Structure formats: C-alpha cells, structure tokens
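Please read the structure below before turning to the comments.
What follows draws every value from the coordinates through simple rules; no lab data is involved. Computed from a predicted structure; not experimentally measured. Using ideal geometry, Cβ is built from the backbone for each residue, glycine included, and neighbour counts are taken over all protein chains shown.
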Amino acid sequence: MTTGYQINKQDGTYFLTWTVIGWVDLFIRDTYKQLIADSLNFCMAKHKLQIYAYVIMPSHIHPIANSKNNNLSTVTGHFKSYTSRELIKLIKSPGESRREWLLPVFRSAGQLNSRNINNQIWQQQNHAVEVYSSKFTLSKINYIHNNPVEAGMVQYPHEYLYSSARDYAGNSSPVKITQIELHSLFYS
C-alpha cells in the first residue's frame, strides 16, 4: 500500500518516522537503543547518511535526515533490514524476559508480508515528510526533541540520552549528528 508519505526526492531532506510493528515498545532497553544508535552511526560513516536531529522512542524513531549519495530510500532499507536481524538476535538472548510474546508478534507480521523471510520489526512505510523551509525544520526539531517530555520520560529534552536535544544543548548523544545552526532558522 502506498501513501503520500514517501521519499520522492532521493536527494531531499526528510522528517521520517520509523515505527515498530504494532507500535510495540521494543526500545525500552538501553541495549536495543544503543544498537539503533550504532547502526545510525554506521550508516552515516559508510552510506553517507546525514542526520540533523533524532530521537529514539520506545516504539519509533524520528530522524531528520538526507543522504549525501542521493539514495535515502536505499540507506533506510539497509538500516531497517540490518537492525531487524540484530534486534531479533537480541530478543532471542537469555536476558530478554519479553521474548515469549515479542517473537510471535514479529514472526506473525513477517508471515503476512511477502517481502520478509521470517520476522518483521519495522512497519514498511517511513512516514516521510520533506523538510521544505526553515520554519518547518525548526518545528520538526522541536517536535523530535520534545517527544520524550510529552511521553513523561524526562522533564527537559536534553535529559533524554537517545536524542539530539543533548547535542543542541552542548552535550553529546550516542548518534553523531550534523547540527543545524538553530539561530539562523529563527531569522530565515
């Protein structure tokens, strides 16, 4: 099924939403969030992904991203494919107490999708919205950074480790982003 929220311009910058099947709260463990952060860093180093803002929430990820190689759809596909395989390995590990109900959810979703062999962790669509102006960019960065606050996870955006809000506040997060000069967004 196609939607209007697709990556139509491979050289464009997009606000994306990568969502876990059924909005399952998979990313409640730091091990899983760190896998996502490491995978994003790998995609930036090897596939020329550029991330300007992001947050890893329990059931979804919001990045503002583009690809210097003009292949954002391909990079996103590689990211989702790799992280799916690695997350399934982590779920199967002895430390995962939710294994008995997580694996059937992802296996069932995979069986319903002809593009998968076994499991499906990510919804297929990326809910891609092209970033088209400074005002829109700033609104999406604020939305991303306030996600953990709105969810009641932290009081202030920069307190959440797996968010670029830390970078914009002068600290560092696990993902090595490319910061946008926010001051210039206010005046353009």
Where A151 falls short, out of the listed (1) surrounded by 14 or more Cβ atoms within 10 Å (Cβ to Cβ); (2) touching a Pro at 6+ places or on another chain (Cβ under 9 Å) | (1)
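Among E130, E150, which is charged (D, E, K, R), over 24 Å from R29 (Cα atoms) and out of contact with any His (no Cβ under 9 Å at 6 or more places or on another chain)?
Checking each option against the conditions leaves just E130.
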Taking segment 146-162 and keeping only residues that are assigned to a loop (DSSP other than H, G, I, E, B) and more than 17 Å from K33 (Cα to Cα), one is left with G152, Q155, Y156
Out of all the residues in segment 56-70, is one or more within 19 Å of the chain's Cα centre (by Cα) and among the basic types (K, R)?
-> yes
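Here's the yes/no breakdown for (1) charged (D, E, K, R); (2) touching a Leu at 6+ places or on another chain (Cβ under 9 Å); (3) surrounded by 22 or more Cβ atoms within 10 Å (Cβ to Cβ):
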{"position": "Y32", "(1), (2), (3)": "no, yes, no"}
{"position": "K46", "(1), (2), (3)": "yes, no, no"}
{"position": "Y54", "(1), (2), (3)": "no, yes, yes"}
{"position": "P58", "(1), (2), (3)": "no, yes, no"}
{"position": "I61", "(1), (2), (3)": "no, yes, yes"}
Which condition number does S172 fail, the rest of (1) in contact with a Gly (Cβ under 8 Å, 6 or more places away or on another chain); (2) more than 19 Å from W18 (Cα to Cα) being met?
-> (1)
List the number of the failed condition for A37; all other conditions in (1) touching a residue at least 40 places away in the same chain (Cβ under 8 Å); (2) among the hydrophobic types (A, V, I, L, M, F, W, C); (3) within 24 Å of S108 (Cβ to Cβ) hold.
-> (3)
Matching residues in segment 75-96 - criterion: being in contact (Cβ under 8 Å) with a residue 24 or more places away in the chain and hydroxyl-bearing (S, T, Y) = T76, Y82, T83, S84
